[in-house]
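Here's the structure, in structure tokens; my notes come after.
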Amino acid sequence: MLFAKIVDFILIAGVVQAFVFNSVTLFFRKKFSIVVLYLNLVVLFISLNNLQAWLINVGFTSDLFYIENLLVPWYFFILPMFYAFIIHFLEVDKKIIGFVKFSIVVFLIEFILRLGVITYVYYYVPGQDISYIEKYTAAEDIFNLALSLAIFYKAFELVFKRRDVYHQMLSYDDLNWLRLFFKIGGVVILFWIFAKVADFVFDIKWGYNILRLSSSILLYWIGYQGLYRYNVVQDRIQLRRHITKNQKFIGVGVAKLNDKGDMDKLRTDFNEINAFVIENKKYLDAELSLSNLASDLKLSTSHLSKVINVCSGQNFSDYINSLRVAQVKKLITDPSYRNYTMVAIGLECGFNSKSTFYSAFKKLTSKTPSQYLETIDD
């Protein structure tokens, strides 16, 4: 009983949160985006489905036979809209409108069929036996589950097996958050199957509570995560163009030589290594490692590590991060870059995550990026 009340609270809280999310992202954004639209539709259909489930759980009823038995399958739209979001987010195919139209047509057919079944029961079935409606609902659920599984697999195949068609996007986002969604989403689908089997075979209803709870948490998370990632990616795309066009890159002299590194050969080697890293913008590569840089320079990893340690007074990681931080400083102190998010700037300067960026920046400057910017402005 307590679990059911918790689920009811999460459902209605999620509905309120979803409508706030949709209002803010749709009406307060400066520029319309089809990606954000589809993401909002995902959240909208989750909220409508949860609102309907909440009304049923709290015992909301109507004296009108049609309304009492009219269960709208809002959940049917969740995966099609999410698939449309993925297609546009990855920029792999803009011809998605036919798929969306197909989903709308199927939904309308199901809605009309349900109205037809309700009308038949209301006028022609003795005692208005709703078992006919329940049988139709079961058939509709099985069909929607099968179609949703097909769409889920199609999206899964795109993200995990077709990296070649969106390789350009991987330079802006590693998509680990999206892959995590599919892994957890597979578990949620198993809950869906369990809930249906438990209901149809054993007349057990509590499986739906687990399904609604897990799917709501997962899908609301993907809504916020998707919006956040999309904004960062768009910032990075614009940033990269702006930086390249204006040649806003650090110079070779940004790296400081360690006074204790008094071995001429090592210092000569370091100057060459440093010039190579900066002139070829190797530090902007989030995947840069000691071994692949050594391979590019045709040096042993041990010698490369020794040169950097002795001449810069830093280990390889701190040396590369110092160049990235220098690049960040160059951008955030330029007024023309103030419209970009700090996270997008950090990622575009070679850091592979927000946490790594902030941690390295504070380690090397004793300030967060925002605090550093405040000292400059003052």
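The values are calculated or read from the model by the stated rules, or taken from the named source; none is laboratory data. Because the structure is predicted, anything quoted here is derived from the model rather than measured. Methodologically, a virtual Cβ is constructed for each residue, glycine included, from the backbone with ideal geometry; neighbour enumeration extends over all protein chains shown. These area figures cover heavy atoms from the full protein model, side chains too; ligands, DNA and RNA do not enter into them. Shrake-Rupley method; radii C 1.70, N 1.55, O 1.52, S 1.80 Å.
Testing residue 92 on (1) assigned to a helix (DSSP H, G or I); (2) under 29 Å from residue 228 (Cβ atoms), one condition comes back false. Which one is that?
(1)
Run down 257, 266, 323 and say which single residue is among the hydrophobic types (A, V, I, L, M, F, W, C) and at pLDDT 90 or above.
323
If I filter region 118-125 for residues that are assigned to a helix (DSSP H, G or I) and of a type in the set (A, V, I, L, M, F, W, C), do I get at least one hit?
Checking region 118-125: at least one residue is assigned to a helix (DSSP H, G or I) and of a type in the set (A, V, I, L, M, F, W, C).
Looking at region 55-72, I want the residues that are more than 21 Å from residue 212 (Cβ to Cβ) and part of a loop (DSSP other than H, G, I, E, B) and have a partner that is open to solvent by 70 Å² or more (accessible area, probe 1.4 Å) and not basic (Lys, Arg) with Cβ atoms under 7 Å, at least 6 apart or on another chain. Which pairs are those?
62/68
Given (1) surrounded by fewer than 19 Cβ atoms within 10 Å (Cβ to Cβ); (2) of a type outside the set (Lys, Arg); (3) modelled with pLDDT of 75 or more; (4) within 15 Å of residue 219 (Cβ to Cβ), identify the lone condition not met by residue 15.
Every listed condition holds for residue 15 apart from (1).
Take residue 189 and decide whether it is open to solvent by less than 30 Å² (accessible area, probe 1.4 Å), in contact with a Pro (Cβ under 8 Å, 6 or more places away or on another chain) and either under 22 Å from residue 110 (Cα atoms) or in contact (Cβ under 8 Å) with a residue 12 or more places away in the chain (or both).
Numbers: open to solvent by less than 30 Å² (accessible area, probe 1.4 Å): yes; in contact with a Pro (Cβ under 8 Å, 6 or more places away or on another chain): no; either under 22 Å from residue 110 (Cα atoms) or in contact (Cβ under 8 Å) with a residue 12 or more places away in the chain (or both): yes.
So residue 189 fails the test.
Do any residues in region 159-174 that are within 20 Å of residue 288 (Cβ to Cβ) and assigned to a helix (DSSP H, G or I) have Cβ atoms under 9 Å from those of residues that are modelled with pLDDT under 85 and of a type in the set (D, E, K, R), where the two are at least six apart or on different chains, and which pairs are they?
Sorted first by the residue in region 159-174, then by its partner, the pairs are 169/91.
If the requirement is being at pLDDT below 90 and within 23 Å of residue 240 (Cα to Cα), which of these qualifies: 373, 347?
Every option except 373 fails the conditions.
Across region 203-212, what is the number of residues that are surrounded by 15 or more Cβ atoms within 10 Å (Cβ to Cβ), of a type in the set (A, V, I, L, M, F, W, C) and farther than 19 Å from residue 76 by Cβ?
1
Yes/no matrix, rows are residues, columns are (1) at pLDDT 85 or above; (2) within 26 Å of residue 8 (Cα to Cα); (3) open to solvent by 30 Å² or more (accessible area, probe 1.4 Å):
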position: 177; (1), (2), (3): yes, no, no
position: 214; (1), (2), (3): no, yes, no
position: 219; (1), (2), (3): no, yes, no
position: 224; (1), (2), (3): no, yes, yes
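Within region 42-53, is even one residue in a helix (DSSP H, G or I), at pLDDT below 75 and buried (at least 20 other Cβ atoms within 10 Å of the Cβ)?
No, because not a single residue in region 42-53 is in a helix (DSSP H, G or I), at pLDDT below 75 and buried (at least 20 other Cβ atoms within 10 Å of the Cβ).
From the list 109, 118, 133, 184, pick out the single residue that is modelled with pLDDT of 90 or more and open to solvent by 50 Å² or more (accessible area, probe 1.4 Å).
Going through 109, 118, 133, 184 in turn, the sole match is 109.
So how many residues does region 172-215 have that are of a type in the set (A, V, I, L, M) and at positive phi? Give the derivation first.
Taking region 172-215 first, the residues of a type in the set (A, V, I, L, M) are 175, 178, 180, 184, 187-190, 193, 195, 197-198, 201, 204, 210-211, 213.
Narrowing further to those that are at positive phi: 175.
Number satisfying all stated conditions: 1.
Within the set of pairs 6 or more residues apart or between chains, which connect a residue that is open to solvent by 70 Å² or more (accessible area, probe 1.4 Å) inside region 347-376 to a residue that is not in a helix (DSSP H, G or I) with Cβ atoms less than 6 Å apart?
Pairs that qualify, where the first residue is open to solvent by 70 Å² or more (accessible area, probe 1.4 Å) and the partner is not in a helix (DSSP H, G or I), are 352/286; 362/368; 376/333.
On the basis of being within 30 Å of residue 139 (Cβ to Cβ), touching a residue at least 40 places away in the same chain (Cβ under 8 Å) and either among the hydroxyl-bearing types (Ser, Thr, Tyr) or open to solvent by 70 Å² or more (accessible area, probe 1.4 Å) (or both), does residue 200 make the cut?
yes
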